[in-house]
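For reference, the structure discussed in these notes is given below.
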Amino acid sequence: CIHLESVVLPYSLLSIGEAAFIECESLKSISIPNSVTSIGDGAFAECAALVEITIPDSVSYVGKNPFLLCSSLRKIYISQNHPYLTLIDGVLFSKSDSRLIFYPVTLTQTEYQIPTGIKTIGDISFMGCNNLRRVIIPNSVSSIGERSFFFCDNLEKVVIPDSVTFIGSDAFGT
């Protein structure tokens, strides 16, 4: 789908599957209908032209980083009262399992402190975030997922608390 620029999904759609729009390099906009309840792992991975996306309140599940390496994604819109998801400083979290889902590669800050109360750093959630140099993990985190910080080439310091009991494979690999 190299030349696909815009997609309007049908109102009967319930789920966007794993890697459904992977590498749709020209995709600039997509309209997700209120019927969608789940977005799969890497659903929009490497959609280089995607600048913004709105996730409706109907979405109750978001898999592993659905926006992996979306190099132009500047804004995710969700309602303030979204029942399942929340945005904190542009970072996407799941309320139900206190999981950090997605840290945008487009964020320019060099230091990030994960909010207190988050329990899990999701698989591939920071992948390719080359602006980050330092990450502070709170005592509430017990799990760091697979490839969480994979290809974070400029990461110099991560403060991992004693509360962490699991670090997934290639969590800090390159």
request  = Would you mind finding the one in Ser163, Ser140 that is part of a loop (DSSP other than H, G, I, E, B) and closer than 17 Å to Ile101 by Cβ?
outcome  = Ser140
task = Could you tell me whether any residue of the stretch 127-134 is open to solvent by 20 Å² or more (accessible area, probe 1.4 Å), more than 22 Å from Gly63 (Cα to Cα), in contact with a strand residue (DSSP E or B) (Cβ under 7 Å, 6 or more places away or on another chain) and at pLDDT 95 or above?
result = yes
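Mind telling me which of the residues Thr116, Thr108 ends up being out of contact with any helix residue (DSSP H, G or I) (no Cβ under 6 Å at 6 or more places or on another chain), among the hydroxyl-bearing types (Ser, Thr, Tyr) and closer than 28 Å to Ser38 by Cα? Full working, then the answer.
Numbers: Thr108 fails: closer than 28 Å to Ser38 by Cα.
Exactly one residue qualifies, and that residue is Thr116.
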Number of positions in the stretch 1-17 that are in a loop (DSSP other than H, G, I, E, B) and closer than 19 Å to Ser71 by Cα = 5
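Here's the yes/no breakdown for (1) at positive phi; (2) open to solvent by less than 80 Å² (accessible area, probe 1.4 Å); (3) hydrophobic (A, V, I, L, M, F, W, C):
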site: Lys95; (1), (2), (3): no, no, no
site: Val105; (1), (2), (3): no, yes, yes
site: Thr116; (1), (2), (3): no, no, no
site: Gly122; (1), (2), (3): no, yes, no
site: Phe172; (1), (2), (3): no, no, yes
task = Find the residue count for the stretch 55-68, including only residues that are open to solvent by 20 Å² or more (accessible area, probe 1.4 Å) and among the aromatic types (Phe, Trp, Tyr).
result = 1
ask   = If a residue has to be open to solvent by less than 30 Å² (accessible area, probe 1.4 Å) and assigned to a loop (DSSP other than H, G, I, E, B) to count, how many in the stretch 42-54 make the cut?
value = 7
request  = Being closer than 19 Å to Thr37 by Cβ and either aliphatic (A, V, I, L, M) or touching a residue at least 40 places away in the same chain (Cβ under 8 Å) (or both) is the filter here, so list the residues in the stretch 67-84 that pass it.
outcome  = Ile76, Ile78
message = Would you confirm, using the coordinates I've provided, whether Val164 is aliphatic (A, V, I, L, M) and open to solvent by 20 Å² or more (accessible area, probe 1.4 Å)?
response = yes
inquiry  = Condition check: of a type in the set (Val, Ile, Thr) and open to solvent by 30 Å² or more (accessible area, probe 1.4 Å). Does Ile137 satisfy that?
reply    = no
ask   = Of the residues that sit in the stretch 73-89 and are over 13 Å from the mean Cα position of the chain (by Cα) and surrounded by 15 or more Cβ atoms within 10 Å (Cβ to Cβ), which one is nearest to Asn130 (Cα to Cα)?
value = Ile78
task = Can you give me the number of residues within the stretch 25-41 that are small (Gly, Ala, Ser), surrounded by 15 or more Cβ atoms within 10 Å (Cβ to Cβ) and not in a loop (DSSP other than H, G, I, E, B)?
result = 1
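The values are calculated or read from the model by the stated rules, or taken from the named source; none is laboratory data. Please read these numbers as outputs of a predicted model, since none were measured by experiment. Neighbour counts are summed over all protein chains in view; Cβ atoms, including those assigned to glycine, are modelled from backbone coordinates with ideal geometry. Only protein heavy atoms, including side chains, enter the accessible area calculation; ligands, DNA and RNA are left aside. Shrake-Rupley method; radii C 1.70, N 1.55, O 1.52, S 1.80 Å.
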